[in-house]
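The structure under discussion appears below in the form of structure tokens.
The values are calculated or read from the model by the stated rules, or taken from the named source; none is laboratory data. Not measured: the values here are computed from a predicted model. Quick reminder, even Gly has a Cβ in these numbers, built from the backbone with ideal geometry, and neighbours come from all protein chains shown.
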Amino acid sequence: MADLSSASSTATSPIPASLEWIYRGVSEVFPDQPDSTDIEQNLTQRLLQAERPLRVKLGIDPTGAEIHLGHSIPVRKLRAFQDAGHTAVLIIGDFTARIGDPTGKSEVRRQLTEAEVRANAQTYLEQVRPILDFDTPGRLEIRYNSEWLSSLDLGKIIELLATMTVGQMLAKEGFSERYQQGNPVFLHEFLYPLMQGYDSVAVKADVELGGTDQKFNIAVGRDLQRHFGMKPQFGLLMPLLLGTDGTQKMSKSLGNYVGLQEDPLTMYSKLEKVPDALIKDYFELLTAVSLADLPETPREQQKQLALEVTQQFHGLDAAQQAQQAAMSLVQGTGKPAEGVPEFSLAGVNFPAKCFYLVGATKLCASSSDARRQIQGGAVKLEGEKMTDPDQLFETPQELVDKVLQVGKKKFVRLVP
């Protein structure tokens, strides 16, 4: 990921101070001819000479119920365009989600039902609400691509298919790998980039935002806009966020994610443990804090990062309470009063051994993992280290309102 100074050498030279926000946390802008005054080749010139607000597109497919911080990066950039006076066009891919984006997938994705997509779409909007400006007139359009894709007739679909060759489609990362490995590539998957590209035609996008893995799909949008006699959009690509493990892309399936709907204490506690090597990237991509003004020590940077991001989704008071609660849990200085996620003991069969209880809370991957964690001294109950995996709890009353903790960032309050 390029910093602002390196972005200036690959985007425009020099970048006007009023437009520096565009290149914060951006990996690539395309097309990109730094010395050109052509508004179709130079995004900075397009913005400087714009006679109307640009239409800035971001498409999200509601293929799951939860968004994490990695997904929030292009949404934050969309908000930056809103704040600069442009129109954010947020496309809910309720139609394309039924196919599923094949990008980066080693096998065909499961096709979702309409009901699943509708339910997911509603949760997506609620999760991005703290980021986007939903209130200023003219700053946000929310569109569902079933509006135009569900009515495409066979003639129009054939026209779309005729804009690309099989060779071009197989050049797409993922398709080529699967084809070479003998894994099936289904014809309906070829429609996905064409449909996403047609979204740009339908909403008359001037700019499309996406992760670096979306370059092919965004380029298809440019090609289709040309085909339909429109000025092609600019593509603005942002890096994929590494997860809290510091090694792999943030993913719910890998457990290295921070969800936008997580409670303040869980969110804060995960973020204050971000590896030192990722701190500046997280600040650049997830906050508006100047990288020149960060605290000197990595530990203070972690704490500021956690506070900055948590308050975006829960407010300053809740973030500060989470900070105090996290300190109490880590230092064993007392039981935090607010913010600890709860686990109901109603589903636990008593009497229950300690390792079984810890496993039931999902703070550990399994009961056997819970046994290992207890033996390793990583489990505490109300700040007291648990040492015997077979310690027996006769009734839930022994545990009600106590905080169970595994390591430094996993904890629950036990409730009836």
Only one of (1) of a type in the set (G, A, S); (2) part of a helix (DSSP H, G or I); (3) at pLDDT 95 or above does not apply to A288, and that is (2)
Taking segment 372-395 and keeping residues more than 23 Å from T266 (Cα to Cα) and buried (at least 18 other Cβ atoms within 10 Å of the Cβ) leaves P389, F393
Of (1) in contact (Cβ under 8 Å) with a residue 12 or more places away in the chain; (2) in contact with an Asp or Glu (Cβ under 9 Å, 6 or more places away or on another chain); (3) over 17 Å from T212 (Cα atoms); (4) assigned to a loop (DSSP other than H, G, I, E, B), L254 satisfies every one except (1)
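So in segment 40-60, with the set limited to residues that are part of a loop (DSSP other than H, G, I, E, B) and modelled with pLDDT of 95 or more, which one is farthest from F81 (Cα to Cα)?
The residue in question is R52.
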Among Q111, Q180, the single one that is without any contact (Cβ under 8 Å) to a residue 24 or more places away in the chain, surrounded by fewer than 15 Cβ atoms within 10 Å (Cβ to Cβ) and under 24 Å from the mean Cα position of the chain (by Cα) is Q111
The number of residues in segment 351-378 that are small (G, A, S), closer than 14 Å to K410 by Cα and outside any loop (DSSP other than H, G, I, E, B) is 3
- Query: Yes or no: L305 surrounded by 18 or more Cβ atoms within 10 Å (Cβ to Cβ) and within 30 Å of L286 (Cα to Cα)?
  - Reply: yes
I73 vs (1) in a loop (DSSP other than H, G, I, E, B); (2) touching a helix residue (DSSP H, G or I) at 6+ places or on another chain (Cβ under 7 Å): all pass except (1)
Scanning segment 20-49 residue by residue, those in contact (Cβ under 8 Å) with a residue 24 or more places away in the chain and among the hydrophobic types (A, V, I, L, M, F, W, C) turn out to be W21, I22, V26, V29, F30, L43, L47, L48
For segment 13-39, the count of residues that are under 20 Å from K215 (Cβ atoms) and modelled with pLDDT under 90 equals 3
Checked N145, N183 against criteria (in contact with a strand residue (DSSP E or B) (Cβ under 6 Å, 6 or more places away or on another chain) and either at pLDDT below 90 or over 30 Å from E308 (Cα atoms) (or both)); the one match is N145
Residues in segment 238-269 that are basic (K, R) and more than 22 Å from T123 (Cα to Cα) total 1
Among (1) modelled with pLDDT of 95 or more; (2) β-branched (V, I, T); (3) loosely packed, with under 15 Cβ neighbours inside 10 Å, T247 falls short only on (1)
Discussion item. I'd like to know if segment 172-187 contains one or more residues that are touching a helix residue (DSSP H, G or I) at 6+ places or on another chain (Cβ under 8 Å) and within 30 Å of N42 (Cβ to Cβ).
Written reply: yes
